[in-house]
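Structure first, commentary second.
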Amino acid sequence: MRPVLLNTYDIRGGAARAAYRLHCGLREAGVDSRMLVQSKSGDDPYVEGPRSRFETLMGVVRPQFDILPMYLYPGRGKGVYYPGLLPGNYVNRVRGLNPDIVHLHWVAGGFLNHQALTGFGVPVMWTLHDMWAFTGGCHYDDGCGRYAGACGSCPTLGSLRDADLSRWVWRQKRRKWAGVPLTVVTPSRWLAECARRSSLLSDKRIEVIPNGLDIKIFRPLDKRSARHLLHLPTEGRLILFGALNANSDHRKGFHILIEAMRIFREAHKQHSDCQVVVLGASRPISPPDLGVPVHYMGVLNDDVTLALLYSAVDVAVIPSTQENLSNTVMEALACGTPCVAFNVGGMPDLIEHQENGYLACPFEPLDLARGMQWVLEKRERRCSLSRRAREKVEADFDLRLVAQRYLALYSSTLNEVGWKTGFLKR
């Protein structure tokens, strides 16, 4: 069997890392998996990227071209939005790889347009890493829910008109995808329910398979040694945050995190030995005042260093207001690090409340601070949470098990009677 996985990037970004890990898991299981990307950073010979300098350049500029229609909306927000309108020649490249099944992942950013799904000539599966497949262009709807209808009056665009760009994009998707025998996979139960409620995908087969992780790499390491190697304090308690950026997408919860940290600092002065570690950003010119020492680690691209960092800290805090299945949470749990997050999206698929972390009441800074305090206050509790965190990942997210689940779904999809109809023509 030869599946061809498509993603805009090979290893850059959370969706890319999840897709590439699956590709590696499939090859390790003896499957002739191939991957096709618009922009390639790694050196895997089974991942095909640009074939010329011109194609490499286009991989950089196509995402910028694809968002040009957004500039018609001066009141647009900071959320990610791609119309998916650019023409491309990737369908022919996919067919040239002679796949048995085409497996889409994150294909926005100018990679695939809406017409592509009808041209592969083989069964198509699509693992959703956000909501883009069933919206009028946004990747997270911030709770607007208009994808259940026909979009329009898009909050991401700052639009008050029903007949806006999001409505037009929604109509294009509906027209192009009508009758396409598409199998949809979501990594979280939450995203599956969203897809089932959507007007674009409600008639498709929808399955839930989580992202997988190489648990031989992401595993608990000696905390003191990890801190020494990363030049972090060997004493005291360390709290891990994602990139602290006030200009980031509202969905990342930066504004809530700052308030939660203020509450935590003032209400729990006994934690005077606490310090913060920031992943994904270097120290900014004007860093936010968290009232405690902060260590900026920059962007870490290799899994071994990430595993060291997760092992070095005592708790990871992820304040996202909408999230599919967080790579950061999964990786941290695999390394035995308890996590604190809001009880939203795919977080309950990962975090078992007060078993391997803490699920705070959505968007309440006070409860987020309470969760941080609950994890940190007792060493014995942290040890118990750490053990359960590792057990959870071993049971549910081991890449070897996830690859086998996808193989079973590939076989099931290929054996369905629908693939023997006249829709698919090689």
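The values are calculated or read from the model by the stated rules, or taken from the named source; none is laboratory data. Keep in mind it's a predicted model, so treat the numbers as computed, not measured. Cβ atoms come from the backbone with ideal geometry, glycine included; neighbour counts cover every protein chain shown. Quick note on the areas: whole protein, heavy atoms, side chains included, nothing else; ligands and nucleic acids left out. Shrake-Rupley method; radii C 1.70, N 1.55, O 1.52, S 1.80 Å.
Observations
- Over the stretch 106-180, the Kirkwood radius and the radius of gyration, each from Cα atoms, give a ratio Rg/Rh of 0.97.
- Kirkwood Rh and Cα Rg combined as Rg over Rh, evaluated for the chain: 0.97
- Point-to-point label distance, His250-Glu355, nm (Cα→Cβ direction, 7 Å offset): 3.4
- Whether the stretch 108-249 is rounded, prolate or oblate, judged on the alpha carbon gyration tensor where a/c under 1.5 counts as rounded: prolate
- Other residues lying with their Cβ under 15 Å from the Cβ of Leu279 contribute a combined charge of 0, Lys and Arg counting +1, Asp and Glu -1.
- The stretch 332-421 - Debye-derived log10 I(q)/I(0), Cα point model, q = 0.16 Å⁻¹: -0.68
- Averaging the Cα positions of each part gives two centres, and for the stretch 377-393 and the stretch 1-66 these lie 36 Å apart.
- Loop-resident trypsin sites (Lys or Arg not before Pro) (DSSP state other than H, G, I, E or B) in the stretch 1-72 with no more than 16 further Cβ atoms inside 10 Å of their Cβ: Arg51.
- Taking every C-alpha pair closer than 8 Å and separated by at least 6 residues, the mean separation divided by the residue count of the chain gives a relative contact order of 14 percent.
- By definition, a body whose alpha carbon gyration tensor gives a ≥ b ≥ c is oblate when a/c is 1.5 or more and a/b is not larger than b/c, and the stretch 285-352 fits this oblate description.
- Within the stretch 351-387, the GluC sites (Glu not before Pro) that combine a DSSP coil assignment with at most 13 other C-beta atoms in a 10 angstrom radius are Glu377.
- Centre separation in Å (Cα based) which lies between the stretch 158-235 and the stretch 284-328: 20
- Per-pair calculated FRET efficiency, R0 = 35 Å: Ser384 and Arg189 via Cβ, rounded to 0.05: 0.85
- Of the solvent-accessible surface of the stretch 223-397, computed with a 1.4 Å probe and all protein chains present, 50% belongs to carbon and sulfur.
- Counting only Cβ charges, +1 for Lys and Arg and -1 for Asp and Glu, the dipole size of the stretch 223-397 around its Cα centre is about 520 debye.
- For the stretch 223-397, with +1 on Lys and Arg beta carbons and -1 on Asp and Glu, the positive-most of Pro293, Leu366, Leu240 along the dipole: Pro293
- Between Arg174 and Leu57, the contour length at 0.36 nm per residue exceeds the Cα-Cα span by 39.0 nm.
- Pairs from Lys40/Lys176; Lys40/Lys392; Lys173/Lys204; Lys173/Lys252 whose Cα-Cα separation, in the structure shown, is over 21 Å: Lys40/Lys176; Lys40/Lys392; Lys173/Lys252
- GNM result for the chain, Cα springs below 10 Å: residue of Leu213, Leu72, Leu112 fluctuating most strongly: Leu72
- A 1.4 Å probe run over the chain, with the rest of the protein chains in place, finds 43 Å² accessible per residue.
- Whether the stretch 51-112 is rounded, prolate or oblate, judged on the alpha carbon gyration tensor where a/c under 1.5 counts as rounded: prolate
- Positive-end residue, the stretch 223-397 charge dipole about Cα centroid, Cβ charges, pick of Val278, Leu385, Ser225: Ser225
- Each residue of the stretch 223-397 gets 105 Å³ once the volume of the Cα convex hull is shared out per residue.
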